[in-house]
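Just dropping this structure here.
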Amino acid sequence: MTAGRGFVLLLIVLLVLVLAGIIALVTPDKARLADLAIANVPQSGVLNPVTAVLLNFRGYDTLLEVAVLFLAIVGIWSMARHARVWIKIPDTPVLVVFVRLLLPLMVIAAGYLFWLGADFPGGAFQGGAVLGGMGVLWVAAALWQPPASFRRLLRPLLSLGILAFTTVALLTLFMGYNLLQYPPAQAKTLIIIIEGAAVLSIGATLTLLFIGGFPKKRED
Amino acid sequence: MGITMTIIDLLDLVLIITLLVCAWYALTTPDLFNAVIIFIAFGLLVALAWVRLQAPDVAMAEAAVGSGLTGALLLSSLSAIRRLQLKQTDQHASPDDATAK
Amino acid sequence: MLESTQLYAIAGIVLFGMGLYALIVFPHLLRKILGMNIMGTGVFMVFVAIGYRGLDELPDPVPHALVITGIVVAVCATGLALALATQIGIKTGTARLTPDVEEDDGS
């Protein structure tokens, strides 16, 4: 181990010891924000407290997160036009058959997770993650041969999440409330609209993150 | 009640030690392919830790996105870098080496 | 014995330290990205450990929401970082940052 590495190791061990000591000696105080959040869940339109916090109380953070997803794709497309993944036909038929059986089930599972997120653990990000995994399998099994019409559809699909979220945010401003303060009667409707758009957008974004560029046609 | 607390403490200890060992192995093993595979396993163990800490939404997001998709991204990039390095260092290299997807 | 919150928070801090060490020390870009991910996971573990209230009470939903946001942002950052690393690999022919420094292990 060289001297430089030893020095860095010493500094990091000191940092970890100091922080761990603080945690061990100071019992964390129960935050009052938790009580405030859990007490206001019935007025948020959903029953799951995490979804209520994510999409209603801290909706602005989620808006920025969907924007970060969008920006990641913009960044990747601006620097690496061509796809990183070589769409190669897999050697075994097992992968292709398995993926063909699994894809409809994954679509159902993604929709179910998204719909369930209002009252039970789940939500838009979990459903979108399952859709993203479906897209990755689809690409890896070389079953995805996007025709030109689908590639025209790709950009609207990617921007659907951020567009829907921004539209709802501006709508709440025009109706006279603060930014992203939903009227309690329509809160659930607005949350479902945002989550539905976000599921599709997150799935498409995660698949394109995996492809690493613009999707190509299948190469034989 | 006393024996239940001990079993949960044992689970905590085993889980945390396995997590730390997996993370250390993933960061220091010389073979990057092994490192990414152990990182995927690390991600799933972290999802287990989220379930233990009563965070099921976080567990679902971590298992799908944090472990699975990040692992797929890392493997795809590893394969692309190795392929491009082969192409650069050897003029006669063919595109499909052992790690091609 | 420490209670669960403190145990998992200390584990998160140790993970953060390991990831930081890997990010600083190893020259290969992919290993730095692995280190960045493990640092992020350590921070998330500290968050969720702070939100833990025991087996009989509802947990605190605010850290859970922050961590879900953090996981998605971390995967976006990883995707962008990997695209950058691939471009560096294409342009310079290597994925290591300092190829002319002698290291004594095979990382």
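Give me the distance in nm between label points sitting 7 Å out from Cα along the Cα-to-Cβ direction at B:T6 and A:R81, one decimal.
Between B:T6 and A:R81, the label points sit 6.8 nm apart.
Between A:S149 and A:L47, how many nm apart are label points set 7 Å from Cα along the C-beta direction?
Here the answer is 4.2 nm between the modelled labels.
So for A:F210, C:F26, C:F44, fewest C-beta neighbours within 10 Å to most, what's the order?
C:F26, A:F210, C:F44
Is it possible to state the helix-based mean residue ellipticity at 222 nm for the protein assembly as shown, with each DSSP H run of 4+ residues giving -39500 (n - 2.57), the sum divided by total residues, to the nearest 500 deg cm²/dmol? What is it?
Taken over the protein assembly as shown, the calculation gives -24000 deg cm²/dmol.
Please order A:L101, C:L29, A:L153 by the number of other Cβ within 10 Å, starting at the fewest.
Result, fewest neighbours first: A:L101, A:L153, C:L29.
Would you mind getting me the FRET efficiency between B:L20 and C:E57? Use the beta-carbon distance for r and R0 = 22 Å, nearest 0.05.
0.20
What does the average come to when, for each residue of peptide A:203-215, you count the partner chain Cβ atoms lying within 10 Å of its Cβ?
Mean shielding count: 4.
Rounded to the nearest 0.05, what FRET efficiency do A:I193 and A:R5 have when you use their Cβ-Cβ distance and R0 = 30 Å?
So, using R0 = 30 Å, E works out to roughly 0.05.
Now, a different point. Extending each Cα 7 Å along its Cβ direction at B:F33 and A:L64, get the distance between those two points in nm, one decimal.
4.1 nm
Run the numbers for A:L17 and A:V96: contour at 0.36 nm per residue of separation, minus the present Cα-Cα distance, in nm.
23.4 nm
Now, a different point. If neighbour count is taken as other Cβ atoms inside 10 Å, put C:E57, A:E65, B:E62 in order from fewest to most.
Least to most surrounded, the residues fall as C:E57, A:E65, B:E62.
Bear in mind these aren't lab numbers, they're just calculated from the coordinates by the rules spelled out. This one's a predicted model, so the numbers in the text were calculated from it and none came from an experiment. Don't worry about glycine lacking a Cβ; one is built from the backbone with ideal geometry, like all the others, and counts go over all protein chains shown.
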